[in-house]
1. Select from B:A170, B:A273, B:A76 the residue whose mean-square fluctuation is largest in a Gaussian network model of chain B (Cα-Cα springs shorter than 10 Å).
2. Work through the residues other than A:L190 whose Cβ is under 12 Å from its Cβ and net out their charges, Lys, Arg +1 and Asp, Glu -1.
3. Helix A:192-218 versus the longest principal axis of chain A: what angle, 0 to 90°, nearest 10, using Cα atoms?
4. In terms of Cα to Cα distance under 21 Å, which lysines are near enough to A:K251, apart from those fewer than 8 places away along the same chain?
5. At q = 0.06, 0.12 Å⁻¹, what is the base-10 log of I(q)/I(0) for the protein assembly as shown according to the Debye formula with one equal point scatterer per Cα and no solvent? Please give it to two decimals.
6. If the viscosity is 0.692 mPa s and the temperature 37 °C, what translational diffusion coefficient in µm²/s does Stokes-Einstein give for segment A:149-197 when Rh comes from Kirkwood over Cα pairs?
7. Semi-axes of the equivalent ellipsoid of segment A:99-152: what are they in whole Å, largest first, if each equals the square root of 5 times a C-alpha gyration tensor eigenvalue?
8. Quick one: Debye curve from the C-alpha atoms of segment B:8-167, no solvent, what's log10 I(q)/I(0) at q = 0.11 Å⁻¹?
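Nothing in this text is a laboratory measurement; each read-out follows from the coordinates by a stated rule. Just so it is clear, the structure is predicted and the values come from calculations on it, not from any experiment. Don't worry about glycine lacking a Cβ; one is built from the backbone with ideal geometry, like all the others, and counts go over all protein chains shown.
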Amino acid sequence: MINLLIDRFVKRKVLAVQEFTELLVASARHAFNRPRYLVDTLVQMDVIGFGSLPIVLLTGFFTGGVLALQTYRTLSTFGETGLLGQVVALSMVRELGPVLTALMVAGRNSSGIASELGSMLVSDQIDAMRALGTDPLRKLVTPRLYATLVTLPLLTVLADFFGMLGGAVVSMSTARLSSAEYWTSAYQALEFEDVFQGLTKPFFFAVVVALVGCYFGLHTTGGTEGVGRSTTRAVVVSCVVILILDFFYTKFLIAVGFF
Amino acid sequence: MNPPDAERSAASRDRSVSSTPVVELRHVSIAFEDKQVLDGVSFRVGAGETLVLLGVTGSGKSVLLKLILGLLKPDAGEVLIEGQNLVPLSEAQLYPLRQRMGIVFQEGALFDSLSVHENVAYRLREEGLKDEARIEQQVREVLRFVEMEQASEKMPAELSGGMRRRVSIARAIVSQPSIMLYDSPTAGLDPVTAHTINLLIAKLRDVQKVSSLVVTHRLADAFALANYTYSAEKQALIPANTDGGPGQRVPTQFLVLRDGATYFWGSTDELTAAQDLYLRKFLV
């Protein structure tokens, strides 16, 4: 029974981690030698980055807005509504901006990548690519990895800004704060450490978003039904890993005395 | 039931195979998890010859083609392409060998996001050809060869099953490979379209002297390839001349796989003369 458990579960999970690490190393390394697929990378930046812009901006705006609404009620009992800008800015830049942006992009793109590569795999297009002299990792995975690495931090910055904008709209309309009060509070609250952690997290999340999608897509089995399974797994795994990674990265920054 | 005696046809095979086979498998075995898919399979294909692979679904025919391309590595045995064993080679080392081969997958495996023209030009671009005029010319030539020139700008989703196979053949032959692999090229096609595909396979074999490995379920197609040759004059298949001279029969071998092992390996005549009950099922 224990042997069966080790064989069926533990070995497979360890193998999956090993394969994922190999995928990460190989796809990252391919950017440093030829052939490079720059056009494919630009296309993926358009699909992943520009394509995700509306949902990321909407998510950021309404998250900032609801954050201001919720904290306004608490702060008003202490007469500290002037801190609304600070609360929204810190929450958005440190946590909500990077995490929610990554979750939205994962929901949209990890699934998209997994289904696209999975469909290519089950219809023999990946084998055809290899037969025609192309390394599928170089052609399919590396462009998606680097496109996500470039666009996710940019999307996070925009989500942070739109979050603060949402907070500003609520602060001015509900809490009757002036625009100057809100933005001064927000600006003065932010320190280098906050911006640093808020802008380094998206790089880790980008690796998860792109490579989890690629991993499940390239390990699709069971025809078109398997493509559906890979897509679901890619979204679930990437979202869960993003949240776990966020916790441990924050813990790490605290442990090394970063803030 | 005992497999037919492989020794029986060894002499004729040795005569038909030229000194260095273009494709040779030596005691190749491969398993996926607990399932043994191929078990000690050996065969040789000489230059310009055709090998027809027969077997029921799941007998390992498609796996065999992927092994020959180096897309899969066997657990045991050797896969030799023009004398070079590709088993110990890395993926990068395999690319020059794969340039000598073309494959037509069962459903065509065309790239959905590229037009017919770009699908066919793909290999040329990957091989580093930059001259657009030359790419255009070569693509046009092979599309004309498969009679698909008019569909050059169409997307794969707009093509019928037969058209997809023809484009797939064009994509495979654009860099003039010496070995062609066909994975059930006529599966699911109507008899007229299947005949067109057989005509193209025979045309490649007889005009360009390409060695072919054809996986098929349709024995009628296999016998058509074995007993007919392509006439450039009539642009059609004509019965092969058995008395020597022009238009003579191209050496064709048949390999029947059963439960992952070689069940029969011999010539057309040996297969048609076989009294073995399992083989007779293919011939009915």
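1. B:A273
2. On the way: positive: A:R94; negative: A:D160, A:E191, A:E193, A:D194.
Cβ neighbours under 12 Å give a net charge of -3.
3. On a 0 to 90 degree scale, this one is about 30.
4. Within the straight-line cut-off, A:K251 pairs with A:K201.
5. -0.41, -1.11
6. Numbers: Rh = 11.9 Å.
For these conditions, the coefficient is 275 µm²/s.
7. On the way: eigenvalues 126, 37, 4 Å².
Taking √(5λ) for each Cα gyration eigenvalue gives 25, 14, 4 Å.
8. The computed values of log10 I(q)/I(0) come out as -0.58.
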